[in-house]
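Participant: Would you mind keeping the following structure in view while I ask a few things?
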Amino acid sequence: MVTVLRRYRRKSALAAAPTLDETRTLAANLAFWSRLNQTERDRLIKLARVIIREKNWEGCAGLELTDEMRLVIAAQAALLLLGHDLDPLTDAVYPNVQTVLVYPSGFIAPTARQGPGGVVTEGHSNLGEAHYMGQYGGPIIVSWRHAHEGGLDGGDGRNLVLHEFAHKLDFLDGVVDGTPPLKNKSEYDQWKRVMSAYYNDLVRRAHTGVPSLIDYYGATNPAEFFAVATETFFERGREMREHLPDLYDTIRMYYGQETAVR
């Protein structure tokens, strides 16, 4: 019954071809747009429409959300799903995201945060958060300024929206551990072996100051490592494949996309 209702509600939204306004907005604001083929672009827009339509979007701290803002954020979130076996007409899209809260810029988070090296900060300034609140999930919180800048710069290895929505993919199995739902035991075995090795290597690099393609923030814990590695995979895929081939292959296995050749 849920699938039938979902199909009925989405049918009209997905039936229309991408509009000129949609394509112009994405071409002007997302660096990765030019690297996608037409099939990928059409699918991305359909997924973004679902995210916009089915999530509760709220502007915070006086921000007046526009359709263009929603589209730019939703399209970045949709990028993570392009290679998944997901039907935009019937399947759940980020079922553990009910609300997207958008601030003009950074915000003060009330909870404590432990960073690399075990340093804990209270009332820290933050750019985004993905909350875990059980089956139905908590909100995604992002800074519009940094979500926009992340979309425009597609090669620095940093993207706020990809980072926070990667957390939500991790949360889908009900465990916050840096391991999203995979297909079979073989994939889980590979994931554990490779991700653990690279996470431990990053922890060592963060403590000793050895340069790393993966941002040191990924050394905070395995969940942050997955989110940061996701940013690197989508924004610096060619370098990841060259210098961290096992990590590239493992993340490619999950996302189903060859970012190194885009």
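Participant: With (1) in contact with an Asp or Glu (Cβ under 6 Å, 6 or more places away or on another chain); (2) within 19 Å of residue 92 (Cβ to Cβ); (3) not in a loop (DSSP other than H, G, I, E, B) as the list, and residue 218 as the residue in question, which single condition is left unmet?
Facilitator: With respect to (1) in contact with an Asp or Glu (Cβ under 6 Å, 6 or more places away or on another chain); (2) within 19 Å of residue 92 (Cβ to Cβ); (3) not in a loop (DSSP other than H, G, I, E, B), residue 218 is out only on (2).
Participant: If we scan region 61-75, do we find a residue that is charged (D, E, K, R), in a loop (DSSP other than H, G, I, E, B) and either surrounded by 15 or more Cβ atoms within 10 Å (Cβ to Cβ) or in contact with a Gly (Cβ under 7 Å, 6 or more places away or on another chain) (or both)?
Facilitator: no
Participant: Identify all residues within region 238-262 that are farther than 19 Å from residue 182 by Cβ and surrounded by fewer than 20 Cβ atoms within 10 Å (Cβ to Cβ); write none if there are none.
Facilitator: 238, 239, 241, 242, 243, 245, 260, 261, 262
Participant: I've got another one for you. Take residue 234 and tell me if it is of a type in the set (Phe, Trp, Tyr), buried (at least 18 other Cβ atoms within 10 Å of the Cβ) and closer than 16 Å to residue 154 by Cβ.
Facilitator: yes
Participant: Continuing with this model, one more query. Can you go through 206, 166 and tell me which one is small (Gly, Ala, Ser), crowded, with 18+ Cβ neighbours inside 10 Å, in contact with a Gly (Cβ under 9 Å, 6 or more places away or on another chain) and touching a residue at least 24 places away in the same chain (Cβ under 8 Å)?
Facilitator: 206
Participant: Report yes if residue 50 is modelled with pLDDT under 95, closer than 25 Å to residue 137 by Cβ and part of a helix (DSSP H, G or I), otherwise no.
Facilitator: no
Participant: Of all residues in region 121-156 being assigned to a strand (DSSP E or B) and of a type in the set (S, T, N, Q), which is modelled with the highest pLDDT?
Facilitator: Applying the filter and picking the extreme gives 143.
Participant: Sticking with this one: Against the condition under 30 Å from residue 35 (Cβ atoms), surrounded by fewer than 16 Cβ atoms within 10 Å (Cβ to Cβ) and free of Cβ contacts under 8 Å to residues at least 60 places away in the same chain, how does residue 183 come out, does it pass?
Facilitator: In short, yes.
Participant: Something else about it: Considering every residue within region 213-224, establish whether at least one is touching a helix residue (DSSP H, G or I) at 6+ places or on another chain (Cβ under 9 Å), modelled with pLDDT of 95 or more and within 17 Å of residue 80 (Cα to Cα).
Facilitator: For region 213-224, residues touching a helix residue (DSSP H, G or I) at 6+ places or on another chain (Cβ under 9 Å), modelled with pLDDT of 95 or more and within 17 Å of residue 80 (Cα to Cα): present.
Participant: Of the conditions (1) out of contact with any strand residue (DSSP E or B) (no Cβ under 9 Å at 6 or more places or on another chain); (2) surrounded by 13 or more Cβ atoms within 10 Å (Cβ to Cβ), residue 211 clears all except one; give me its number.
Facilitator: (2)
Participant: Follow-up question, since we're still on this one. Tally up the residues in region 76-90 that are in a helix (DSSP H, G or I) and of a type in the set (A, V, I, L, M, F, W, C), please.
Facilitator: The qualifying residues number 3.
The values are calculated or read from the model by the stated rules, or taken from the named source; none is laboratory data. Small disclaimer: the values here were computed from a predicted structure and weren't measured. Cβ atoms come from the backbone with ideal geometry, glycine included; neighbour counts cover every protein chain shown.
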